Amino acid sequence: MRNMKRPRRTTAVLAAAVMALVGCSDGGSSGLPADEGGGTIDTSEGVKLGILGQCEGPFGGFHEDTVGGTALAMVNHAGATVESATSALDGFSGAEVDGTPIELVGVGCGDDTPDRIIEEVRRLVEQLGANVIIGPLSGDEGIAVAEYAKEHPDLTVLAGISGSQEQTLQVQAPNYFRFYGDGAIWNAGLGDVLHHQEGWDDVAVIADDYSFGHTSAAGFIADFCGVGGNVTARVFPPLGTTDYSSYIAQLPGPDEVDGYFWAVGGTGTQAALEAFVNAKGDLSGDQHAGNLFFNPDLAQSLGTDIAGAYVGGFATLPGDVTTPAIEEYLASADATWETLAGGVSGNEPAPPSTAAAFGFFYGYYSAGVALVRGLEAAGGFDDPEVLHQSLSGLTLELPYGDISLDENRSGIVDVGLSRLVVDENGEVVQEAAAIIPGVDQSFGGTFSPDTPAPSRDFPACEERDLPWEGNAIEVVDGVPQE
């Protein structure tokens, strides 16, 4: 990946996540102890589907996206019809796979905390009778739901877009499936680019202090240090922090490091960067990189100086990478709804393809497609164990690339890296830089069930052999140069 040309075309992605309260339950407990609730999971009347969304907290603005992604999968692959042309939260009806009906029985309202998401999954399963769950969205939630699934072996859970590593690599519930990457996977190759192509030797890392922030930072650290770089500082503000000044003060100055890697997400991304500007001076894009929450919309308040920053991958590929399959997928969203309001659009009505192109929506879409394909392979839903075996062996042909699962039922995926640039109109946009093919959660042997979970201190900064070092696929004008 040396001396790559920079592509020209792009689309903007994520706006800062905002609170959204529509579609929430009251968040109350089911009132049933875990060992007394629900009993045996009933599969006799087909799939009773519950979706775990997130209508409150730092990622509450993406509640619409979680239901929308699942609903579009049901429309495209199971013959469903949505109930509203302007809101995915109204759900869908008429979904069926080879005679097996799929009924949406409820939508859970998470707030990024494990306790709340367990209340919601218990409500869906133990009160509303859900036998299949799609979700959750966020890192700590995923660990909690994976543990719940392990205690309820007849339940089937397809993770939505929760990016913590532990939910699959450490928990290892045989009925829990993740058809996308984790936060570490999404940063594969980024350190290689910054060290070898941009000349970074010393870097400071700032990331949210919870499982996804730890996982995202771990992937970058493993990559950057693996190829010979050095991490001089690690700072972890709590998720949901509003005043980042004390955490920015812990970072070295711009004259002390070659760059900064940011894994601060949700409502915190812009606030943290503004605190950096106030404390350490104007941003220079060639000294900053970030995970999926780094996006062109930051330029609206921070200015075009952020151009030049590199961005890790997510569940979709950068917007300037187009194929017939991607175009058909995005068109199907626009044909299903008139508008959708979600986190990507600041909760304002926007073309549905805007949401569909972003990873929160697409993760839930992938889970919905996996459910349909799993039912087809299992020949129905009479035996959950047969469905679980079928899901484990799937390779999904999806718009943004095929996905298969490893031995812990977690996705092996292609990762699309991008860069923020100024286009011919003077606007900051995102363009594809490279694709790292076939990354799994072992991260080239860095992580295993026997290694500690990502944390403030793990992994250590040390050189290691990474299979993609120097082997990234260059992207020119949105076309991978394979």
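Read the figures in this text as sums done on the coordinates, not as results from a lab. Remember, predicted model here, so these are calculated numbers, not experimental data. With ideal geometry, Cβ positions are generated from the backbone for all residues, glycine too; neighbour counts draw on all protein chains shown.
Results, tabulated for the structure shown:
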{"read-out": "Assigned charges on the beta-carbon of Lys, Arg, Asp, Glu; the chain dipole about Cα centre (debye)", "value": "360"}
{"read-out": "Per-pair calculated FRET efficiency, R0 = 30 Å: Ala331 and Thr304 via Cβ, rounded to 0.05", "value": "0.40"}
{"read-out": "Peptides ranked, highest mean first, by Cβ atoms within 10 Å: ranges 415-421, 279-285", "value": "415-421, 279-285"}
{"read-out": "Ordering of 233-240, 218-225 by packing [mean C-beta count within 10 Å, highest first]", "value": "218-225, 233-240"}
{"read-out": "Long-range HN-HN contacts of Ala130 with modeled amide H, under 5 Å", "value": "Val125"}
{"read-out": "Debye intensity ratio in log₁₀ form over the Cα atoms of segment 102-182, taken at each q of 0.27 Å⁻¹", "value": "-1.46"}
{"read-out": "Kirkwood Rh in Å, taken over all unlike Cα pairs in segment 374-482", "value": "17.3"}
{"read-out": "Karplus-derived HN-Hα couplings along segment 298-314 (A = 6.51, B = -1.76, C = 1.60, θ = phi - 60°), whole Hz, x at Gly and Pro", "value": "4, 5, 4, 10, 9, x, 6, 4, 6, 4, x, 6, 8, 10, x, x, 7"}
{"read-out": "Reciprocal mean inverse distance between Cα atoms of segment 222-277 - Kirkwood radius, Å", "value": "12.3"}
{"read-out": "Sequence ranges 45-52, 405-412, 391-398, ranked by mean other-Cβ count within 10 angstrom, highest first", "value": "45-52, 405-412, 391-398"}
{"read-out": "Table column - 3J(HN,Hα) (Hz), segment 351-356, Karplus curve with 6.51, -1.76, 1.60, x for Gly and Pro", "value": "x, x, 4, 4, 5, 5"}
{"read-out": "Options [x] 22.4, 71; [y] 24.3, 75; [z] 21.0, 65 - which one matches Rg and Dmax of the Cα atoms in Å as calculated here", "value": "[z]"}
{"read-out": "Extension gain, Val476 back to Asn425 (0.36 nm per residue minus Cα-Cα distance, nm)", "value": "16.4 nm"}
{"read-out": "Fraction of beta bridges assigned by DSSP in the chain that are antiparallel (%, nearest 5)", "value": "45"}
{"read-out": "Helical mean residue ellipticity (222 nm; -39500 (n - 2.57) per DSSP H run of 4+; nearest 500) of the chain", "value": "-8000 deg cm²/dmol"}
{"read-out": "Residues whose placed amide H lies under 5 Å from that of Val415, excluding near-sequence neighbours", "value": "Ile436, Gly438, Val439"}
{"read-out": "Simple label model, 7 Å out from Cα along Cβ direction - Thr242 to Asp202, nm", "value": "3.6"}
{"read-out": "Under 5 Å, built H, 5+ apart or other chain: amide partners of Gly135", "value": "Leu52, Leu158, Ala159, Gly160"}
{"read-out": "Kyte-Doolittle at least 0.5, axis length at least 20 Å by Cα - qualifying DSSP helices, the chain", "value": "211-226, 359-378"}
